[in-house]
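Undergrad: Mind looking over this structure? Questions follow.
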Amino acid sequence: MAISFQQIKTYFGSDKFSKDLGTVGLWAQAGGALSGAVGNYYNARAQRDTFATQSELSRINSEVAELGRQSSLIQGTRAASRAKMRGSKLKSQQRASQAASGVDLNVGSARELRVSTDIMKEVDANEIMRSALMKSFGYDWQRESMLNQSRMAAIASDSVSPGRAVMSSLLTGAGRVGASWYALKKYGG
């Protein structure tokens, strides 16, 4: 059966065309709402997973910072021990040199030189430990910062619900589709 141009023209000018077009629009709107709901589900899931990954990476980085803190303290302790050993060696060399020169080791400048060496040895060791402690405090601050970032990302991850995103999208879409359906029934026949 062939359709004439007149039949097409009559159809496009009829109330049936308006009603059919409204129905198609209504279905397209419903399909768009469903498509939006699916898109919102996957977006929420991706966002939740991203936050969870950020949380885990921050937790791992906090552990690395803790290792750095421990390492700086160990290195500081070893360096301070080496400084004390160098000071003790220097003191021994001073004592041997003074004894070989026939100097009385327990009086005057000979004794003061060795006391001064002891003081410098302790000052050097204390300065090395102070630097190590300051470095460890930096790592400790970094570790706490990373732990806080991890906690915040975990909270954000827990707050994202793909199911809620779908329901919200469907409810919004259903409201629009319902309003369009009502208008179609009321004004479109």
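Undergrad: Could you work out how much longer the chain between Ser116 and Leu73 gets when fully extended? Use 0.36 nm per residue separation minus the Cα distance between them, nm to one decimal.
TA: 12.8 nm
Undergrad: Please compute the alpha carbon radius of gyration of region 96-189, then divide it by the globular-protein estimate 2.2 N^0.38 Å. Two decimals is fine.
TA: On the way: Rg = 39.0 Å, N = 94, 2.2 N^0.38 = 12.4 Å.
Taking N as the residue count of region 96-189, the ratio is 3.16.
Undergrad: Something else now. Among Leu133, Gly163, Ser150, whose Cα projects farthest towards the positive end of the dipole of region 102-170, with charges put on the beta-carbon of Lys, Arg (+1) and Asp, Glu (-1)?
TA: After comparing all options, I get Gly163.
Undergrad: How large, in Å, is the chain by the Kirkwood hydrodynamic radius built from its alpha-carbon pairs?
TA: Kirkwood hydrodynamic radius for the chain: 24.6 Å.
Undergrad: On to the next question. Provide the per residue accessible area, probe 1.4 Å, for the chain, rounded to a whole number of square angstrom.
TA: I get 69 Å² per residue for this part.
Undergrad: Here's something else I'd like to know. Largest first, how would Leu90, Leu73 line up by accessible area (1.4 Å probe)?
TA: Largest to smallest exposure gives the sequence Leu90, Leu73.
Undergrad: For region 38-126, which whole-number percentage of the solvent-accessible area (1.4 Å probe, protein heavy atoms only) is attributable to carbon and sulfur atoms?
TA: After summing per-atom areas, the C and S share lands at 54 percent.
Undergrad: Relative contact order of the chain: what whole-number percent is it, with Cα pairs under 8 angstrom and at least 6 residues apart?
TA: That works out to 45 percent.
Undergrad: Once the piece of chain linking Gln6 and Ala174 is laid out straight, how much longer is it, given 0.36 nm per residue of separation minus the C-alpha distance between them? Please list the in-between numbers first.
TA: On the way: separation 168, 0.36 × 168 = 60.48 nm, distance 3.84 nm.
Contour length minus the Cα-Cα distance gives 56.6 nm.
Undergrad: Hey, another quick one. Between the helical axis of 15-100 and the dominant principal axis of the chain, each derived from Cα atoms, what acute angle in degrees is found, rounded to the nearest 10?
TA: 0
Undergrad: Now for a separate question. Under 10 Å, Cα contacts only: if you run a Gaussian network model on the chain, which one of Asp140, Asp158, Asp104 comes out with the highest mean-square fluctuation?
TA: Looking only at Asp140, Asp158, Asp104, the biggest GNM fluctuation is shown by Asp104.
Undergrad: Relative to the Cα centre, what is the charge dipole magnitude of the chain, using +1 at the beta carbon of each Lys and Arg, -1 at the beta carbon of each Asp and Glu, and rounding to the nearest 20 debye?
TA: Numbers: 25 positive and 15 negative charges, 24 e Å.
So the dipole magnitude of the chain works out to roughly 120 debye.
Undergrad: OK, next. Among Thr117, Thr77, Thr50, determine the one that fluctuates most according to a GNM of the chain built with springs between C-alpha atoms less than 10 Å apart.
TA: Looking only at Thr117, Thr77, Thr50, the biggest GNM fluctuation is shown by Thr117.
Undergrad: Can I ask one more? In the P(r) worked out for region 24-110, what percent of Cα pairs fall beyond 18 Å?
TA: 75
The values are calculated or read from the model by the stated rules, or taken from the named source; none is laboratory data. As the structure is a computational prediction, the values presented were derived from the model and not from experiment. As a convention, Cβ positions derive from the backbone with ideal geometry for all residues, glycine included, and neighbour counts pool all protein chains shown. What goes into the accessible areas is simple: the full protein's heavy atoms, side chains included, and nothing from ligands, DNA or RNA. Shrake-Rupley method; radii C 1.70, N 1.55, O 1.52, S 1.80 Å.
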